[in-house]
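Below is one structure, written out as structure tokens; the observations come after it.
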Amino acid sequence: MSLRRGEYPVIESATPPVPWWNRRGTWAAGWLLAALWAAAFPVASSLDTHRLWGTSAALGYTAAAVVSYGLPGPRARRAAVTAALAGAVVAPLLFLVLTGRAQSEVDVIERSGQLLLEQGTPYLPHPLKVTDYTPYLPAMALLGIPNALMGEHSWAAKLFGDARIWCAAVFVLSLHAAGLTLRQSGDPARRVGRHERIPYGSAMAVLIACPVVALPLCVSGVDLPMTGLCCLALALAARGRPAAAGLALAVACSLKWTAWPAVAVVLVLLGRVAGGRAALRCAGTAAVGATLLIAPGALLSPAAMVEQVLAFPTGHGVLPTPAASPLPGRLLADLGPAGWYAAVGLLVCGGLAVAVSLVRRPPVHLRTAADRLAIGLLVAFTLAPAGRFGYLALPVVLMVWARLVDPREPVPHLPVPTHRTPPVVPSRAPYASAGAGGIR
């Protein structure tokens, strides 16, 4: 290459290759797998709500796969996500809500809201059947109050009074707040490769449309508020905001006791990010907030709360729990008292192992903290004496969400110039003029 005097070559960086997850074939294959997974429900499930969801979702996912592979340009992804949301979330949720079809958890939340208004506690004093139990902490009843106030006299009352709508609202708003929190990052390394990442809004739309979230959102939605609040608490802790993280933990821990492991992970992450004082402030806020939300129900009906919230979900209640998926802990508990104690012992050992890992290798950023919490919950749900496969959606959502918001891309190598740039030589004009006229 010949260059004129005084000209230097222009270094042009090569166009980065399209990542594998951003290709049309990958998106089409993912939606097709989701369609096959949803299509299995009308055949294998015995629940009417699951069969209805599976039929609608399979059509939506199939349309998303066709659109992803058939349409060119960036509009293909938006159209595919829209089709998946319409088929897997909007259509089945509206149909199930307006026709009054739901899993028993929805009826339990709505009844607990009615009881909370009438007697100040969401627990029946003498439950006679399984559906009379309320295996949730008192704050869950707040999501059933709209139904108690509106009733079911019109389609609007059915729609805005259904507990699933409010569970979904808490979940979506928590993820949105977490996204706003994470956008405040000023780390320039996090901005490297951002043009190759999915925008946060699109990523959350894909997460909501995926079967792991879409199915529970339409048929029950009971675990989604706690999941969204845990994500929000992790995001706030990663940004060093102890009071806000403590409030999010307080609400999550007053919904279900399965959110309590998140407290340890959030405190350790906050301690690494903002110091020990911030972690103590978060712990105090979470403790005070959770106490204010849980104490009234516990004081008014302590025996009923212990029976329904602690004994019943672990398989030691008066009535057997319907959570009987063939997980290792449940299989051990079915062997008798010795098997039950063995399952509890393994559960305690698993919890201690996760706690030791938090002390020896504390998480230093959002992704590792979410992974550690997901691992702890996975161990707890797998080894618990009573559990369901649906509980595993919480750790899956945590891990997927963390990778969508904190991908940790490696910093790309800059291109090495082929021609060495000559050094800049200062001009001799001032010295020449000084020599000609002399320095006076």
Next item on the list: Give the residue, chosen from Ala76, Ala88, that is part of a helix (DSSP H, G or I), over 24 Å from the mean Cα position of the chain (by Cα), under 15 Å from Gly30 (Cα atoms) and in contact (Cβ under 8 Å) with a residue 12 or more places away in the chain.
Entry: Ala76
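Restricting attention to segment 351-395, which residues are part of a helix (DSSP H, G or I) and either in contact with a strand residue (DSSP E or B) (Cβ under 8 Å, 6 or more places away or on another chain) or among the charged types (D, E, K, R) (or both)?
Within segment 351-395, the subset part of a helix (DSSP H, G or I) is 351-360, 366-383, 389-395.
Arg360, Arg367, Asp371, Arg372, Phe381, listed by residue number.
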Next item on the list: Within segment 217-229, track down each residue that is over 13 Å from Val396 (Cα atoms) and part of a helix (DSSP H, G or I).
Entry: Leu217, Cys218, Val219, Pro225, Met226, Leu229
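Listed here are the residues, each with its yes/no results for (1) farther than 30 Å from Gly151 by Cβ; (2) modelled with pLDDT of 90 or more; (3) surrounded by 15 or more Cβ atoms within 10 Å (Cβ to Cβ).
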site: Gly6; (1), (2), (3): yes, no, no
site: Ala14; (1), (2), (3): yes, no, no
site: Pro19; (1), (2), (3): yes, no, no
site: Leu52; (1), (2), (3): no, yes, yes
site: Ala64; (1), (2), (3): yes, yes, yes
site: Pro72; (1), (2), (3): yes, no, no
site: Arg78; (1), (2), (3): yes, no, no
site: Thr82; (1), (2), (3): yes, yes, yes
site: Ala91; (1), (2), (3): no, yes, yes
Checklist line | Search result, residues across segment 315-342 that are part of a helix (DSSP H, G or I), of a type in the set (Gly, Ala, Ser) and within 26 Å of Glu105 (Cα to Cα) | finding: Gly329, Ala333
Margin query: I need the full set of residues from segment 214-251 which are among the small types (Gly, Ala, Ser), in contact with a Lys or Arg (Cβ under 9 Å, 6 or more places away or on another chain) and within 30 Å of Ala35 (Cβ to Cβ), in order please.
Written below: Ser220, Gly221
Check: Counting just the residues of segment 327-341 that are of a type in the set (A, V, I, L, M) and surrounded by 13 or more Cβ atoms within 10 Å (Cβ to Cβ), which one comes out farthest from Gly317 (Cα to Cα)?
Finding: Leu327
Item checked: Considering residues of segment 373-390 that are under 14 Å from Cys231 (Cβ atoms) and touching a residue at least 60 places away in the same chain (Cβ under 8 Å) only, the residue surrounded by the fewest Cβ atoms within 10 Å (Cβ to Cβ) -> Leu377
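Just for segment 253-272: of the residues that are assigned to a helix (DSSP H, G or I) and without any contact (Cβ under 8 Å) to a residue 40 or more places away in the chain, which one is nearest to Phe312 (Cα to Cα)?
Top of the filtered list is Ala259.
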Note to self: Condition first: within 22 Å of Gly387 (Cα to Cα) and in a loop (DSSP other than H, G, I, E, B). Now tell me which residues in segment 102-127 satisfy that.
What the structure shows: Ala102, Gln103, Tyr123, Pro127
Checklist line | Unique residue being β-branched (Val, Ile, Thr) and in contact with a helix residue (DSSP H, G or I) (Cβ under 7 Å, 6 or more places away or on another chain) when the list is Val265, Val288 | finding: Val265
Item checked: Selection from segment 162-176 of residues that are surrounded by 15 or more Cβ atoms within 10 Å (Cβ to Cβ), of a type outside the set (Val, Ile, Thr) and either more than 16 Å from Gln114 (Cα to Cα) or in contact with a Gly (Cβ under 7 Å, 6 or more places away or on another chain) (or both) -> Ala163, Arg164, Cys167, Ala168, Ala169, Phe171, Ser174, Leu175, His176
Margin query: One residue is enough: does segment 247-263 have a residue meeting the conditions of a type in the set (Gly, Ala, Ser), farther than 21 Å from Gln308 by Cβ and at pLDDT 95 or above?
Written below: yes
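Tell me, please, whether a residue that is farther than 27 Å from Ala57 by Cα, at pLDDT 85 or above and in contact with a Lys or Arg (Cβ under 9 Å, 6 or more places away or on another chain) can be found in segment 101-111. Quick ask: steps written out before the conclusion?
Filtering segment 101-111 for residues farther than 27 Å from Ala57 by Cα gives 111.
Subset that is at pLDDT 85 or above: 111.
Next cut, in contact with a Lys or Arg (Cβ under 9 Å, 6 or more places away or on another chain) only: none.
No, segment 101-111 contains no residue that is farther than 27 Å from Ala57 by Cα, at pLDDT 85 or above and in contact with a Lys or Arg (Cβ under 9 Å, 6 or more places away or on another chain).
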Checklist line | Failed item, numbered, when Ala148 is tested on (1) more than 27 Å from Ala203 (Cβ to Cβ); (2) at pLDDT 90 or above; (3) assigned to a helix (DSSP H, G or I) | finding: (2)
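The values are calculated or read from the model by the stated rules, or taken from the named source; none is laboratory data. What you see is a predicted model, and the numbers here were worked out from it, not measured in a lab. Every residue, glycine among them, receives a Cβ derived from its backbone with ideal geometry; neighbour counts consider all protein chains shown.
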